[in-house]
Every structure is written in C-alpha cells, then in structure tokens.
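The values are calculated or read from the model by the stated rules, or taken from the named source; none is laboratory data. Given the structure is predicted, the values throughout are model-derived calculations rather than measurements. Because the Cβ atoms are built from the backbone with ideal geometry, glycine has one as well, and the counts that use them run over all protein chains shown.
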Amino acid sequence: MRLKINILAITLTLSLFGIVMIYSASSYSAEINFGDAFFYVKKQAIYFVGGLVLMFGASKIKIEWLKKFSVPIYIVSMVLLLILFIPKVGQEVYGATRWINLGFITFQPSEIGKFALVIFLAAYMTKHPPDCFKNLIIPILAGLAMCAAVMFEPNMSITMCIGLTLLIMLFAGGIKWRYMAVFGGAAAAAVPALIFIEPYRIKRLMAFLDPWASPQGEGYQLIQSYYALGAGGLFGVGLFASRQKYLYLPFAESDFIFSVIAEETGLLGSIAVMGLFFVLIISGILIALRAKDRFERLLAAGITIVIAVQTLLNIAVVSGSIPPTGLPLPYISAGGSSLMVFMCVSGLLMNIAKRQETH
C-alpha cells in the first residue's frame, strides 16, 4: 500500500507543481504571443485532467491484457511513428516532424512509442529470456526499428532515451555480460556517428564544449540556462520572480523548465524536486523487485527506467553536463502527450503495486 501511495502522491505533486511552474515560466511569453498569460497553463490543466483519467484507468486494468496485446500495441505505436512522414499528416515545428494534429489535441507518437516498446520487451523477455543470442534478435530489431523511426523525425533525445531503455531492460532481463558489452559498445559508437552526420548536431556539440564561442547562436540557450541556475543561489529569487522567463531563456516552459525551477527556488528547491524523482524511481524499483510475476517485474522495471533516464537526461542538459537536446522533464514540462502518458504509466505502477498486496 505504501508504494502505491508513494507513486500516487509524487505523481500528483510533480504534475501540479509543473502547472504552477509552467505559469511562472510562460506567463510573459504567452501574453505577448497569444494575448493570454494562462495559455499554456489552461492547456496543461486540461491534459492533467485527462492524465488523471488515464492514471486511474491504468491502475484498474488487467495487467494480463498488456501482455496478451503487447505485439499489437507495439505495431500501432510504430504505425503512428511512420504516418508522421505522410505529407500533411505530421506537423512540422522548428524543422522536426514529431507531432500529429487531430484538431482537438496534438500529440507526439514517440511519447507513446517508448512505453509501447517497454510493454513489448517485457512480454517477449518473459517467454524468451535474453540469455542466448537467438533470443536477443527480436528485442534488438524492435528497439532499432523504433530508434530509426524516431531518429528520422528527427529526435535524437528520444532516440537516446529509447536506446538506453532497451539496453537497461536487456540487462534487467538477464542478458549475458559479453552480449551486453558488444551491444553497449555499439550503442556508444553510434552516438558520435549520429552527431557527426548532421551539421546542426556538430554545432550543438561545439556549443556544449564552449557556449561562449557563439553566445548569440548555438551557445545562447545553454548560457541563459547557466544564468538561471547561478541566479538561484541557495534559496532562489522567489516564486514567479524569474528574470530569465522574460524571453531570455528559450523553451522555458518545456525543455528548460528545470532552469526556471532552480532560479526561483534555488539549490534547496532543486534538490527537493530531484528528491521527489528519486523517491519515485526507488519506489518503482521496489515494485519491480517485489513483483511475483516476471512480466510485471520487467514492466515495472521498464517504466521506471524510462522515468529515470528521461529525468537524468533533462537535468543533465539544462546543467550543461551533456550537449543540448530537446527532452521534457517528466510530469513537469509543458506538453500534453508527455504529461498524460507519464501519468498513465504511473497508474500501471500503482496497479502492479496493488496486485502485490493481493497475492
């Protein structure tokens, strides 16, 4: 019961805190661009309600259904990723085609895809543990296919998240060390290769190494993030008092919202937010470890891996620990499909935790 309550409480806390911070980070830009300071907040609030429905629905469904329909779930997610490339279906923003616009909602198929892959891998590795080469072929191909589809959007950040999730899930499933070394080495070699085949990624890498070499170009966003982090000090400048949100920091309400959190709440507030994520991740790990069923164990582990990887990558980007790449902070960043999907998988973790109490 305690783990279930942990997941519920932290999910609601992070999501509601996210709405507050989205208002703080976006009110000025939203007023200028849309004539409504609450533009992003209203959208996020609607998605939050939708996320609540999905979360409580996921907490009640039969987990066996996910195992039974794991292949169709994966196929549908791949179809959604591929139809992005049909003219006039995928919506292009900032040179990337990542969204499908249904009129009443715009969503990113990749947000669904990474968890569809987790479900598929959990179901496949339940029957076929990755302890021999032939049992690795299907998981590797499934992961690579999804990585390729996402990479062509292009979206390297989600591609990295999916790739890391695949490797860690194979480790959790029991892959032998020699295979892990081979695939891990191949993945490590692929990252610089993917960077150097695209000129704009090389520019981002150079900006990461020395952002002040192009303070008005590729290095601008990272420098503004540094200013936000530095201005926060120990206690922060105060809630709603951010200066970087006044059109200095791009994407302050989404990918770089942690910079605004650090600026307004300081080091102590940042540690508190990271602490909530830490407790959420530890709770997910404990749910996985206590699962009686192998599918539930791998499913809980996979969900927790995605949350952990995406959180770490986002914070690493805004702090200048890795090259800049667009990746939302789970539960907090503005973005409807991200919020609803993460709230939904929180419901699945609650479901698995609840099943442990009844067995």
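Overview of values
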quantity: Residue match in region 83-91 (condition: part of a helix (DSSP H, G or I), more than 19 Å from Phe251 (Cβ to Cβ), of a type in the set (Val, Ile, Thr) and modelled with pLDDT under 90); calculated: yes
quantity: Criterion violated by Phe251 - all others in (1) surrounded by fewer than 23 Cβ atoms within 10 Å (Cβ to Cβ); (2) of a type in the set (A, V, I, L, M, F, W, C); (3) in contact with a helix residue (DSSP H, G or I) (Cβ under 6 Å, 6 or more places away or on another chain); (4) within 23 Å of Thr311 (Cβ to Cβ) satisfied; calculated: (3)
quantity: The listed residue being of a type in the set (Phe, Trp, Tyr) and over 19 Å from the mean Cα position of the chain (by Cα), out of Tyr74, Tyr47, Tyr23; calculated: Tyr23
quantity: Test: residue in region 334-344 that is modelled with pLDDT under 95, closer than 30 Å to Ile223 by Cβ and in contact with a strand residue (DSSP E or B) (Cβ under 7 Å, 6 or more places away or on another chain); calculated: yes
quantity: Helices (runs of 4 or more DSSP H) completely within region 110-210 that count 3 or more residues being modelled with pLDDT of 90 or more; calculated: 134-151, 156-173
quantity: Cβ pairs under 9 Å, 6+ apart, first in region 62-82 and in contact (Cβ under 8 Å) with a residue 40 or more places away in the chain, second part of a loop (DSSP other than H, G, I, E, B) and buried (at least 19 other Cβ atoms within 10 Å of the Cβ); calculated: Leu81/Glu153
quantity: Region 249-266, residues that are outside any helix (DSSP H, G or I) and among the aliphatic types (A, V, I, L, M); calculated: Leu249, Ala252
quantity: Residue ID - surrounded by the most Cβ atoms within 10 Å (Cβ to Cβ), chosen from residues in region 220-248 that are aliphatic (A, V, I, L, M) and assigned to a helix (DSSP H, G or I); calculated: Ala228
quantity: Lone unmet requirement of (1) surrounded by fewer than 17 Cβ atoms within 10 Å (Cβ to Cβ); (2) modelled with pLDDT of 95 or more; (3) β-branched (Val, Ile, Thr) for Ile19; calculated: (1)
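So that you can scan it fast, the table gives a plain yes or no per residue for (1) among the small types (Gly, Ala, Ser); (2) surrounded by 13 or more Cβ atoms within 10 Å (Cβ to Cβ); (3) farther than 18 Å from Glu296 by Cβ:
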residue	(1), (2), (3)
Ala25	yes, yes, yes
Val49	no, no, yes
Leu54	no, yes, yes
Ile73	no, yes, no
Leu84	no, yes, yes
His128	no, yes, no
Asp131	no, yes, yes
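Residue by residue, here is whether (1) touching a strand residue (DSSP E or B) at 6+ places or on another chain (Cβ under 9 Å); (2) closer than 21 Å to Ile22 by Cα; (3) crowded, with 24+ Cβ neighbours inside 10 Å holds:
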{"position": "Ile261", "(1), (2), (3)": "no, yes, yes"}
{"position": "Leu268", "(1), (2), (3)": "no, yes, no"}
{"position": "Val279", "(1), (2), (3)": "no, no, no"}
{"position": "Ala288", "(1), (2), (3)": "no, no, no"}
{"position": "Ala300", "(1), (2), (3)": "no, no, yes"}
{"position": "Val309", "(1), (2), (3)": "no, no, no"}
{"position": "Gly320", "(1), (2), (3)": "no, no, no"}
